[in-house]
Amino acid sequence: MTTPKKLFIKTYGCQMNVYDSERMSEALGGQGYVATDRPEDADMILLNTCHIRERAAEKVYSELGRYRDLKEANPDLKIGVAGCVAQAEGAEIMRRQPLVDLVVGPQSYHRLPQMEAQIRTGVRAIDTDFPEEDKFEALKARPKARRAPAAFLTVQEGCDKFCAFCVVPYTRGAEVSRPADRILTEARELVDRGVRELTLLGQNVNAYHGAGPDGDWTLARLIWALNDVDGLERIRFTTSHPNDMTEDLIDAHATCPKLMPYLHLPVQSGSDKILKRMNRSHTADSYLKLIDRLRAARPDILMSGDFIVGFPEETEEDFQATLDLIETVGYGYAYTFKYSTRPGTPAAERAQVDEDVKDERLKRIQALITRQQQEIQQSMVGRDLTVLFEKPGRFEGQMGGKSEYLHAVHVDAPQAKPGDMARVRIVESVRNSLKGVLI
Ligand code: 5AD
Ligand code: SF4
């Protein structure tokens with residue numbers, strides 16, 4: 001028997017990259033690769049990159065530089081760059097970094113096996129096409145191995161919204177939804193392999209409009225169909241755009257038993273002037289009204305968001321409007337970013353805010369968010385929640401998992417296994433997690 005080749009994948013950026021890395025690992029499994037978490041043991045290193053903010057691409061180049069010694073020690077080592085930096089920079093990566101053997105964009109991952117065979121003959125390979133064929137179908141060859149209880153499943157990819165700051169419509173391409181039956185089949189297979197919770201992924205997931213047996217399905221239709229999958233206990237979805245938050249989806253939050261009370265709904269700014277310049281096509285007020293409707297449907301829904309500070313022409317007053325909106329909503333989680341100029345996007349051409357002003361605003365917004373997160377986490381103390389156990393905790397007999405609201409919860413549960421669910425009384429809130437006891 002030949003010894004298997006070893007594959008090290010380093011994943012940057014969003015959850016879709018996590019999903020894609022798993023698919024690539026499985027596709028290369030067919031080429032005789034097994035995964036390793038040590039780059040120094042690898043026969044192939046693949047960086048699955050993110051292009052959303054400036055420093056991400058620079059991080060990739062410096063990471064590649066670090067592999068020079070490994071390649072000198074092992075001339076058979078192959079190095080590939082995948083993901084959105086690969087899509088955006090293409091051949092530039094090969095020019096700038098001669099160590100790189102392979103560059104593959106997100107829409108071409110199903111071609112990885114052929115590309116791998118090519119680089120083994122010493123010929124560098126690049127593919128940043130947007131091919132017609134269904135990459136998900138081609139990537140389907142999954143081994144039957146057990147999976148962790150919580151998994152991602154991509155249902156939609158790409159974006160047509162063209163927010164003025166964002167590279168996603170260029171790197172991931174136009175919005176495409178996968179057919180509903182393929183998603184349901186994949187979901188059932190995942191459940192057979194131990195998955196209990198699915199997070200449906202898409203850059204604009206609530207714009208989902210995949211082909212169903214009776215015409216196009218909305219995301220809500222898909223969620224209801226997944227609700228009927230035996231053995232699947234929890235459904236989440238991310239990331240959503242306020243303008244695609246349709247009535248049936250809001251209603252699903254009220255009535256669909258397996259849909260969790262958690263919603264990531266980025267607003268980016270609380271200033272109408274900035275929202276307009278961001279090309280968001282909603283206002284702060286329409287967003288707040290939407291939150292009211294969601295809370296009317298599901299009063300305990302935990303809100304999560306994304307915010308950009310220092311967008312071109314953002315004044316102190318605009319920034320203050322963002323802080324006011326955050327105060328009004330009350331976020332259980334939020335991700336805050338300094339605006340980062342992306343070449344080729346409309347906002348890159350506008351008058352930029354000074355870096356030190358951005359730094360100062362980032363500190364203030366983060367202080368507010370941290371306070372809110374802590375308060376909401378603290379408010380869970382004394383409540384009885386359901387925890388899906390994912391893995392053993394740091395201490396003997398302890399299990400770690402997630403509540404309905406996505407908070408990490410640690411529980412003394414020596415009998416429990418990953419994939420079990422238990423009712424738990426929350427007794428303490430510690431920095432980034434909760435402590436609970438079995439009821
Ligand atoms: N600069 C800063 N943050 C950005 N995001 C997207 N593009 C940029 C950019 N150019 C943030 C948005 C988005 C999240 C995924 O990343 O908040 O919701
Ligand atoms: Fe980018 Fe999201 Fe706007 Fe699409 S909706 S352009 S992915 S920020």
Fill in the blank from the handout: Note on region 360-389: residues loosely packed, with under 14 Cβ neighbours inside 10 Å, touching a strand residue (DSSP E or B) at 6+ places or on another chain (Cβ under 7 Å) and not polar (S, T, N, Q) are GLY382, ASP384
Fill in the blank from the handout: Restricted to region 159-179 and to residues being surrounded by 22 or more Cβ atoms within 10 Å (Cβ to Cβ) and without any contact (Cβ under 8 Å) to a residue 60 or more places away in the chain, the residue nearest to ligand 1 (Cβ to nearest atom) is CYS159
Practice task
Check region 334-347 and report whether any residue there is in contact with a Leu (Cβ under 9 Å, 6 or more places away or on another chain), away from ligand 2 (no atom under 16 Å from the Cβ) and closer than 21 Å to LEU406 by Cα.
Solution key: no
Handout entry: Residue pairs meeting the criteria (Cβ under 7 Å; at least 6 apart or on separate chains; first free of Cβ contacts under 8 Å to residues at least 40 places away in the same chain, in region 341-352; second away from ligand 2 (no atom under 13 Å from the Cβ) and polar (S, T, N, Q))
Key = ALA348/THR341
Problem - LEU434 being assigned to a loop (DSSP other than H, G, I, E, B) and within 28 Å of the chain's Cα centre (by Cα) - result: no
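Let's see how each residue does on (1) within 19 Å of GLN97 (Cα to Cα); (2) buried (at least 19 other Cβ atoms within 10 Å of the Cβ):
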{"position": "GLY13", "(1), (2)": "no, no"}
{"position": "ASN17", "(1), (2)": "no, yes"}
{"position": "GLY30", "(1), (2)": "no, no"}
{"position": "VAL34", "(1), (2)": "no, no"}
{"position": "MET44", "(1), (2)": "yes, yes"}
{"position": "VAL60", "(1), (2)": "yes, yes"}
Handout entry: From the options SER25, SER21, residue that is part of a helix (DSSP H, G or I), under 22 Å from the mean Cα position of the chain (by Cα) and over 18 Å from THR128 (Cα atoms)
Key = SER25
Handout entry: Given (1) more than 21 Å from ASN48 (Cα to Cα); (2) not assigned by the TED database to the domain that holds TYR33, index of the condition THR121 fails
Key = (2)
Exercise for the section: Determine whether region 310-320 contains at least one residue that is touching a helix residue (DSSP H, G or I) at 6+ places or on another chain (Cβ under 6 Å) and within 15 Å of ligand 2 (Cβ to nearest atom). Expected result: yes
Problem - region 390-421: number of residues that are surrounded by fewer than 20 Cβ atoms within 10 Å (Cβ to Cβ), over 26 Å from the mean Cα position of the chain (by Cα) and in a strand (DSSP E or B) - result: 2
Exercise for the section: Go over the candidates LEU288, LEU259, LEU294, LEU265 one by one and state the one that is of a type in the set (A, V, I, L, M, F, W, C), in contact (Cβ under 8 Å) with a residue 12 or more places away in the chain and farther than 19 Å from ASN204 by Cα. Expected result: LEU288
Practice task
Using the structure shown, decide if PRO343 is assigned by the TED database to the domain that holds LEU288, over 19 Å from ASP272 (Cβ atoms), modelled with pLDDT under 95 and surrounded by fewer than 17 Cβ atoms within 10 Å (Cβ to Cβ).
Solution key: yes
Exercise for the section: Looking only at region 322-331, decide whether some residue is more than 22 Å from the chain's Cα centre (by Cα), farther than 14 Å from PRO312 by Cα and within 16 Å of ligand 2 (Cβ to nearest atom). Expected result: yes
Practice task
Determine the pairs where a residue that is in contact (Cβ under 8 Å) with a residue 24 or more places away in the chain, located within region 298-314, has a partner that is among the charged types (D, E, K, R) and within 16 Å of ligand 2 (Cβ to nearest atom) with Cβ atoms under 8 Å apart, the partner being 6 or more residues away or on another chain.
Solution key: ILE308/LYS338; VAL309/LYS338; GLY310/LYS338; PHE311/ARG277; PRO312/ARG277; GLU313/ARG277
Practice task
Could you check, for region 316-331, whether at least one of its residues is touching a residue at least 24 places away in the same chain (Cβ under 8 Å), within 20 Å of VAL168 (Cα to Cα), of a type in the set (Ser, Thr, Tyr) and more than 11 Å from ligand 1 (Cβ to nearest atom)?
Solution key: no
Completion exercise
Being within 16 Å of ligand 1 (Cβ to nearest atom), loosely packed, with under 15 Cβ neighbours inside 10 Å and under 26 Å from ASP160 (Cα atoms) narrows SER281, SER240, SER304 down to just SER281
Fill in the blank from the handout: Exception for GLY80 within (1) in contact with a Cys (Cβ under 7 Å, 6 or more places away or on another chain); (2) at pLDDT 95 or above falls at (1)
Fill in the blank from the handout: Looking across region 28-59 at residues that are among the β-branched types (Val, Ile, Thr) and assigned to a strand (DSSP E or B), the single one that is farthest from PRO106 (Cα to Cα) is VAL34
Practice task
Grab the helices (runs of 4 or more DSSP H) fully contained in region 236-349, keeping just those with 2 or more residues being acidic (Asp, Glu) and out of contact with any Gly (no Cβ under 9 Å at 6 or more places or on another chain).
Solution key: 247-255, 284-297, 316-329
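The values are calculated or read from the model by the stated rules, or taken from the named source; none is laboratory data. These numbers come from a predicted model, not from an experiment. Cβ sites come from the backbone with ideal geometry, for glycine too, and all protein chains shown count toward neighbours.
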